[in-house]
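Everything below concerns the one structure shown next.
The values are calculated or read from the model by the stated rules, or taken from the named source; none is laboratory data. Computed from a prediction, not measured in an experiment: that's the story for all the values here. Here the Cβ is made from the backbone with ideal geometry for all residues, glycine too, and neighbour counts use every protein chain on show. Heavy atoms of the whole protein, side chains included, go into the accessibility calculation; ligands, DNA and RNA do not. Shrake-Rupley method; radii C 1.70, N 1.55, O 1.52, S 1.80 Å.
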Amino acid sequence: MQLRPHSIALFLITAAPGCDWIDWLPGEPSTSGGDTTDGDTDGGEPAPTCDLVDTIVAPQSCLNDVVDPGELCFVVGSGGSFSPAGVVSSIALPLEGPTGGDLLVSQEDGGVRAELFAVAPWLQGSSLLWPQTFPDGAMSLRAVGDFNEDGILDVAAHIDGPTDTIQLLLLDGAGNLLAGSVAYTGAELFGPSIYDADGDGHLDLLVVAPGELENVIALRGDGTGQFTVSPQFGWSGAVERHVVGAIQADGAVNDLAWAGPDGELSIHLIGPGDTMLDEQLGPDAEVLDLAIADLDGDGDGEIVALLTDTIHGTSEVAVLELDASGESFTDTRYPVRCGAVTLAIGDLDADGIPDLATAGGASESKSVSIRPGDGQGGFGGLLTVGLGKDLDTLHIVDLNSDGLADLAGSSRSEGSVNFSPNRP
């Protein structure tokens, strides 16, 4: 398929009309009653994040066909969407060769579709429906890694069926399935996530199995695409909403953060003298998504939590940085538009600094909030980009290999996959 954009000459993304815009700067009272940079912990009146003002306007230099670091160049009408046969989930990775970005989409009927994007000025792509199907339940595509070490990225997935399954999809470098295998089964499973269980250089996976005594389980990879089940420990707070990453300076991808009820976050730092820490994000906060990323380039990771206020429905992002003592976190808040349910972190403006994007909500014109990173662990002004309705998955990925990351996302409720290029 070739996706031809609509008119793009002058219509750079700006704030949508019809709202009384109110700008909320980081450090002002939190929507959920959590800590902020000014030390205010009572929360005050909730910030009206449904009506946040856009403070970033795409510069005219976006039209010069040159990738200038620091530019956000999303354009009205230049994206597209398609509706496979019932979208379950999507994941971004190179499917044709080692570079460029494509999308893999799982469907309600058990089918898997590769959306292959070409290197081109516009977003040109083709669809490849796998002949294989996975009819035993809804398959959620979860993690990307080279599990058989052949130089081609593969995918690990979770199938929610009568018996849950962790499914491995080994790919052939052309968008097709090379081989599929079942790595683990259980009555109820969450995950999988990339996990460094043993530091042996082979990718491992972490799975949460609530019905097991030792419910935090590692699937230890051997570099051939085969995995050995290795229970790690039992944790009463092990839940579906969690994230694995490298919080400590050792760089090992084995630290965990679990989202509990009533705005509580439990953090497990793995290493000599394993450490358990609890952080209260606010009594009215619900954690909807989590990520771990090195936002300030100092070698250790920050926890990024997407929150909603359960009373007022406002949305914000909490950035938690482990302090020098290793015993507590600083907590800085950034407002995003109401209705956000998922987040993504990546370099959207080609300046080498991670940026933040959140998505969700029923309004296409307000679906994605972008805040560029400042290189010090914080985020700056706001840009809103329309990318379809009710997005539950968001990707930052360079689809057309032009050196700028684009936005893509999918919505199970709408049955659609959407994308928007970061260049007119």
Region 369-398, residues that are within 16 Å of the chain's Cα centre (by Cα) and in a loop (DSSP other than H, G, I, E, B): Pro372, Leu387, Asp390, Leu391, Asp392, Asp398
Criterion violated by Val119 - all others in (1) within 18 Å of Asp222 (Cα to Cα); (2) open to solvent by 50 Å² or more (accessible area, probe 1.4 Å) satisfied: (1)
Filtering region 158-173 down to residues that are part of a strand (DSSP E or B) and open to solvent by less than 50 Å² (accessible area, probe 1.4 Å) yields His158, Ile159, Asp164, Thr165, Ile166, Gln167, Leu168, Leu169, Leu170, Leu171
Restricting attention to region 233-259, which residues are free of Cβ contacts under 8 Å to residues at least 40 places away in the same chain and either open to solvent by 30 Å² or more (accessible area, probe 1.4 Å) or of a type in the set (Asp, Glu) (or both)? Phe233, Gly234, Trp235, Ser236, Asp250
Would you pick out the residues in region 307-362 that are more than 20 Å from the chain's Cα centre (by Cα) and small (Gly, Ala, Ser)? Gly313, Ala324, Ser325, Gly326, Ser328
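Answer with yes or no whether Val155 is open to solvent by less than 20 Å² (accessible area, probe 1.4 Å), modelled with pLDDT of 95 or more and either assigned to a strand (DSSP E or B) or polar (S, T, N, Q) (or both). Show your work before the answer.
On the way: open to solvent by less than 20 Å² (accessible area, probe 1.4 Å): yes; modelled with pLDDT of 95 or more: yes; either assigned to a strand (DSSP E or B) or polar (S, T, N, Q) (or both): yes.
So Val155 fits the description; yes.
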Given Glu264, Glu286, which one is under 20 Å from the mean Cα position of the chain (by Cα) and open to solvent by 50 Å² or more (accessible area, probe 1.4 Å)? Glu286
Looking only at residues in region 122-152 that are under 17 Å from the mean Cα position of the chain (by Cα) and not charged (D, E, K, R), which one is most open to solvent (accessible area, probe 1.4 Å)? Val144
Subset of region 265-281 (residues that are more than 15 Å from Ser236 (Cβ to Cβ), charged (D, E, K, R) and in a strand (DSSP E or B)): Glu279
Test set (1) open to solvent by less than 30 Å² (accessible area, probe 1.4 Å); (2) at positive phi; (3) in contact (Cβ under 8 Å) with a residue 40 or more places away in the chain - Gly361 fails condition number: (3)
Does Leu269 satisfy being buried (at least 17 other Cβ atoms within 10 Å of the Cβ), under 22 Å from Asp198 (Cα atoms) and either without any contact (Cβ under 8 Å) to a residue 24 or more places away in the chain or not charged (D, E, K, R) (or both)? yes
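Scan region 78-105 for residues that are polar (S, T, N, Q), crowded, with 22+ Cβ neighbours inside 10 Å and at pLDDT 95 or above and jot them down. Walk me through how you get there before you give the answer.
Here is the first cut: in region 78-105, the residues polar (S, T, N, Q) are 78, 81, 83, 89-90, 99.
Pick out the ones that are also crowded, with 22+ Cβ neighbours inside 10 Å and you get 78, 90.
Within region 78-105, Ser90 is the sole residue that qualifies.
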If I go through region 307-344 residue by residue, how many of them are farther than 30 Å from Pro272 by Cα and in a strand (DSSP E or B)? 15
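Would you check which residues across region 385-422 are among the polar types (S, T, N, Q) and touching a Leu at 6+ places or on another chain (Cβ under 8 Å) and list them? Break it down stepwise before answering.
Restricting attention to region 385-422, the residues satisfying the condition of being among the polar types (S, T, N, Q) are 393, 400-401, 410-411, 413, 416, 418, 420, 422.
Correct list: Asn400, Ser410, Ser411, Asn418, Ser420, Asn422.
Give the residues of region 401-412 that are modelled with pLDDT of 90 or more and not in a strand (DSSP E or B), sorted by residue number.
Restricting attention to region 401-412, the residues satisfying the condition of being modelled with pLDDT of 90 or more are 405-412.
The answer is Ala405, Arg412.
Go through region 172-227 and give me each residue that's basic (Lys, Arg) and either over 30 Å from Thr99 (Cβ atoms) or modelled with pLDDT under 95 (or both).
Within region 172-227, the subset basic (Lys, Arg) is 220.
None; the set is empty.
For region 187-228, please list each of the strands (runs of 3 or more DSSP E) lying entirely inside it that holds at least 3 residues being in contact (Cβ under 8 Å) with a residue 12 or more places away in the chain and surrounded by fewer than 24 Cβ atoms within 10 Å (Cβ to Cβ).
Working: elements: 190-195, 204-208, 216-221.
Of the strands (runs of 3 or more DSSP E) lying wholly inside region 187-228, those with at least 3 residues that are in contact (Cβ under 8 Å) with a residue 12 or more places away in the chain and surrounded by fewer than 24 Cβ atoms within 10 Å (Cβ to Cβ) span 190-195, 216-221.
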